[in-house]
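Working notes, structure below.
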Amino acid sequence: VLLVLDIHACIAQDPLHFRQLVVFLVHNFRIDHSLLERRGALIIRRLCVLLDAERVYRELSTILEGEADLDFACVMVQALNLILLTSSELSELRELLKQSLVNAAGKDLFVSLYASWCHSPMAIISLCLLAQTYQHACAVIQSLVEEDINAKFLVQLDKLIRLLETPVFAYLRLQLLEPRQYIWLLKALYGLLMLLPQQSSAFKVLRRRLKTVPSYSFDGGNLKRAASGNPYSQILHHSGSQITEDGDIDQDNGNLQNGINFASLQQFKQMQQQHHMLAKSRAQSRNSSTSFLKV
């Protein structure tokens, strides 16, 4: 398999053949889901090494954005998201995304992936946490409706909570030492906590992590104590302040020009509406079939 991928990568050095290779790859994953499950991670990771990870992910995102099979698009995006968050081969891509708010190249990559990541609410939330666009992560979490929070969503959420405890998200955990600065991060994590069933192991893991958040902020060697011992109270305490996407308080909104200024959630909502309509149509078809059989 690795040798075949090496040959495909050599052929795909030509831009036209590169596009054809990625389209062919997505087509094979679509018609054979077991291939995606068994070999998907190996294939994607190897191609990222041979053909440049950013180039591969941008092309995959462009193709999946217009994918007609919404169920497959959601599964594929979730697979790509998991590879992005866990694979050592994509460490440089993760570092670039972490700079989305201060680096033009990172911002461009984030926007490129965002379009297709909209197929999966959990993938979008993961991408926002990786890119440190915490305010938008909060907006996505609060926009979720009943149809979004199903068994599949909770399984994906469980995986994300466990990933938050890995070295990949060490920077995020360290940011919790500055609860006054990263208010939107706290709010996003508490939002995820509220979506989890209280008896689940993921709920207990995230709750234990949030309990370790200090009730003070380290600032220039001085300790600034919060209004109370509950870090979430700081979110309420600063609710009237202007807070930028990366958590800095009382900055001019014009400073967001180098970051990502989300005017709305329309792109995400429109994509999710398509998924909801498909699910509703299938449910109606099943009900009609059941009624027909009873008759």
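The values are calculated or read from the model by the stated rules, or taken from the named source; none is laboratory data. Since the structure is predicted, the reported quantities are computational estimates derived from the model, not experimental observations. Don't worry about glycine lacking a Cβ; one is built from the backbone with ideal geometry, like all the others, and counts go over all protein chains shown. For the accessible areas, the whole protein counts, side chains as well, though only heavy atoms, and no ligand, DNA or RNA atoms are used. Shrake-Rupley method; radii C 1.70, N 1.55, O 1.52, S 1.80 Å.
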In whole Hz, what ³J(HN,Hα) sequence does segment 170-184 give by Karplus (6.51, -1.76, 1.60; θ = phi - 60°), x for Gly and Pro? 4, 4, 5, 5, 5, 5, 5, 6, 10, x, 6, 8, 10, 5, 5
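What order do you get for 6-18, 85-97 when each peptide is scored by the mean count of other beta carbon atoms within 10 Å, highest first? Intermediate values should be presented prior to the final figure.
Values: 6-18: 13.2, 85-97: 16.7.
Per-residue mean Cβ counts within 10 Å order the peptides as 85-97, 6-18.
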Taking a ≥ b ≥ c as the square roots of the eigenvalues of the Cα gyration tensor of segment 2-94, is the shape rounded (a/c under 1.5), prolate (a/b larger than b/c) or oblate? rounded
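Over 22 Å between C-alpha atoms is what I'm after, so list which of Lys152/Lys204; Lys152/Lys280; Lys204/Lys280; Lys159/Lys187; Lys159/Lys280 land there.
Details: Lys152/Lys204 19 Å; Lys152/Lys280 16 Å; Lys204/Lys280 33 Å; Lys159/Lys187 19 Å; Lys159/Lys280 27 Å.
With Cα atoms farther than 22 Å apart: Lys204/Lys280; Lys159/Lys280.
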Can you list the residues, at least 5 places off or on another chain, whose amide H is less than 5 Å from the amide H of Tyr216, using H built in the peptide plane? Ala226
What ³J(HN,Hα) values, in whole Hz, does the Karplus curve 6.51 cos²θ - 1.76 cosθ + 1.60 give for segment 91-105 when θ = phi - 60°, with x put for Gly and Pro? 4, 5, 5, 5, 4, 5, 5, 5, 9, 4, 7, 10, 10, 4, 5
With all protein chains present and a 1.4 Å probe, the order of Lys152, Lys159 from largest accessible area down is Lys152, Lys159
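Could you order Met76, Met277, Met194 by accessible surface area, starting with the largest, using a probe radius of 1.4 Å? Show your work: numbers first, answer last.
On the way: Met76 0, Met277 120, Met194 145 Å².
Largest accessible area first, the list is Met194, Met277, Met76.
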